[in-house]
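In what follows, a structure is listed as structure tokens, so that the remarks can point back to it.
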Ligand SMILES: Cc1cc2nc3c(=O)[nH]c(=O)nc-3n(C[C@H](O)[C@H](O)[C@H](O)COP(=O)(O)OP(=O)(O)OC[C@H]3O[C@@H](n4cnc5c(N)ncnc54)[C@H](O)[C@@H]3O)c2cc1C
């Protein structure tokens, strides 16, 4: 195995969709598990902190950058097999997630079609159990292969062992920073029927490609993908260098899940029968976007060179500012939502490095 070379002083902003962050003192792209091992050993010898990086769409580096080794995952490979009425998609963690979705759709396999257009790499999708338009990746994950950063041994976790919940998993919580995800195995449905569980998606399909309702296979899945992409583009939720409002990490805050008692208290507090909500696993989910807007941070709100997207009130956008400016805005939103509604909004993206701005854990 060749030892990959380390680049020095690499601007991290160029490796993130929000385009924020100073330089990494050392940066490497790895294309094999052995290379990851070698890099981890080198980092340990030199006492460099290590940060794993995928597509950089859910991570914000500090303005000072990262004094250590950033390992960008470049593992490739995608393989699809069918057995009876099940399809198995094995994907290396460096594959572009949206290419994986497109690949599955071309095979006519359903299960991830609503996750079209989510930026980033396949290895990151288990980290926060990505979800959109009524689908979550945990519904299809069979297992996740990892390299343990401490023992350098490979392990495999079943779906259950990943501890998935809404935008969470063991990789983001209890075992944060402990594993490098190397491969994800998904179970799909060959000649599958698309999932249309989300009102907005249903309405869009009805207005654009009604003929595919109740259909199966590649054409139906392609139509769903087209609708999802259209809806996402409208909200600047597709990472697109031509769309300034997509210089974000997607949704900055998670939708809070309230107990029924907390929800009743919120209803009472806002005295608003129009308060939107959705049933959730363990209570009631309230759209964070609604809380953010009601707290006074409407679409297009600007604070210096950062702001709330004009197309989506949950996306904080970098219009040429700094990490500190963005985190200050996030804190102001969290503070105001807490003051007005007694709800603590949880952040979705990972913040790396010392920022000088207090950030709550996510
Ligand atoms: C415009 C836009 C729209 C978005 N829409 C959605 C959406 O609809 N739904 C949704 O859930 N998310 C959404 N996101 C967030 C983001 O795209 C996802 O969380 C994505 O899975 C992150 O992938 P990434 O490769 O960019 O991860 P990165 O940002 O590179 O990393 C995120 C975290 O995962 C860790 N990580 C990454 N790869 C690995 C690995 N191989 N092993 C171990 N740890 C790893 C990193 O260390 C870091 O802690 C959106 C983001 C943007 C910019």
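The values are calculated or read from the model by the stated rules, or taken from the named source; none is laboratory data. Treat the numbers as computed from the prediction; the structure is a model and nothing was measured. Ideal geometry is used to build each Cβ from the backbone, glycine not excepted, and the neighbour counts take in all protein chains shown.
For residue 142, the conditions (1) part of a strand (DSSP E or B); (2) surrounded by fewer than 20 Cβ atoms within 10 Å (Cβ to Cβ); (3) within 10 Å of the ligand (Cβ to nearest atom) all hold with the exception of (3). Taken together, the residues in region 1-32 that are closer than 22 Å to residue 175 by Cβ and surrounded by fewer than 20 Cβ atoms within 10 Å (Cβ to Cβ) amount to 0. Restricting 147, 201, 221 to those that are assigned to a helix (DSSP H, G or I) and within 14 Å of the ligand (Cβ to nearest atom) reduces the list to 201.
Specify which of the listed residues (110, 116, 169) is within 21 Å of residue 239 (Cβ to Cβ) and either touching a helix residue (DSSP H, G or I) at 6+ places or on another chain (Cβ under 7 Å) or outside the structural domain of residue 249 (by TED's automatic domain parsing) (or both).
Working: 110 fails: within 21 Å of residue 239 (Cβ to Cβ); 169 fails: within 21 Å of residue 239 (Cβ to Cβ).
Of 110, 116, 169, the one residue that is within 21 Å of residue 239 (Cβ to Cβ) and either touching a helix residue (DSSP H, G or I) at 6+ places or on another chain (Cβ under 7 Å) or outside the structural domain of residue 249 (by TED's automatic domain parsing) (or both) is 116.
For residues that are assigned to a loop (DSSP other than H, G, I, E, B) and touching a strand residue (DSSP E or B) at 6+ places or on another chain (Cβ under 8 Å), tally how many sit in region 46-76. Don't jump to the end; show me each part of the working.
Of region 46-76, the ones assigned to a loop (DSSP other than H, G, I, E, B) are 47-49, 54-58, 62-65, 74-76.
Keeping just the survivors that are touching a strand residue (DSSP E or B) at 6+ places or on another chain (Cβ under 8 Å) gives 48-49, 54-55, 58, 62, 65, 74-76.
Matching residues across region 46-76 total 10.
Considering only residues that are more than 6 Å from the ligand (Cβ to nearest atom) and surrounded by 24 or more Cβ atoms within 10 Å (Cβ to Cβ), which ones fall in region 116-129? Show your work before the answer.
Here is the first cut: in region 116-129, the ones more than 6 Å from the ligand (Cβ to nearest atom) are 116-117, 122, 126, 129.
The answer is 116, 122, 126.
If you go through region 280-301 one residue at a time, do you hit one that is within 30 Å of residue 190 (Cα to Cα), surrounded by 14 or more Cβ atoms within 10 Å (Cβ to Cβ) and assigned by TED's automatic domain parsing to the domain that holds residue 322? Taking every residue of region 280-301 in turn, at least one turns out to be within 30 Å of residue 190 (Cα to Cα), surrounded by 14 or more Cβ atoms within 10 Å (Cβ to Cβ) and assigned by TED's automatic domain parsing to the domain that holds residue 322. Quick one: which residue in 128, 153 is under 11 Å from the mean Cα position of the chain (by Cα) and either within 27 Å of residue 49 (Cβ to Cβ) or free of Cβ contacts under 8 Å to residues at least 24 places away in the same chain (or both)? That would be 128, the only listed residue that is under 11 Å from the mean Cα position of the chain (by Cα) and either within 27 Å of residue 49 (Cβ to Cβ) or free of Cβ contacts under 8 Å to residues at least 24 places away in the same chain (or both).
For (1) more than 15 Å from the ligand (Cβ to nearest atom); (2) more than 22 Å from the chain's Cα centre (by Cα); (3) under 20 Å from residue 240 (Cα atoms), each residue gets a yes or a no:
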{"residue": "4", "(1), (2), (3)": "yes, yes, no"}
{"residue": "13", "(1), (2), (3)": "no, no, yes"}
{"residue": "20", "(1), (2), (3)": "no, no, yes"}
{"residue": "38", "(1), (2), (3)": "yes, yes, no"}
{"residue": "41", "(1), (2), (3)": "yes, yes, no"}
{"residue": "56", "(1), (2), (3)": "no, no, yes"}
{"residue": "75", "(1), (2), (3)": "no, no, no"}
{"residue": "93", "(1), (2), (3)": "no, no, no"}
{"residue": "107", "(1), (2), (3)": "yes, yes, no"}
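Of the residues screened, residue 68 is not one that is farther than 30 Å from residue 231 by Cα and free of Cβ contacts under 8 Å to residues at least 12 places away in the same chain.
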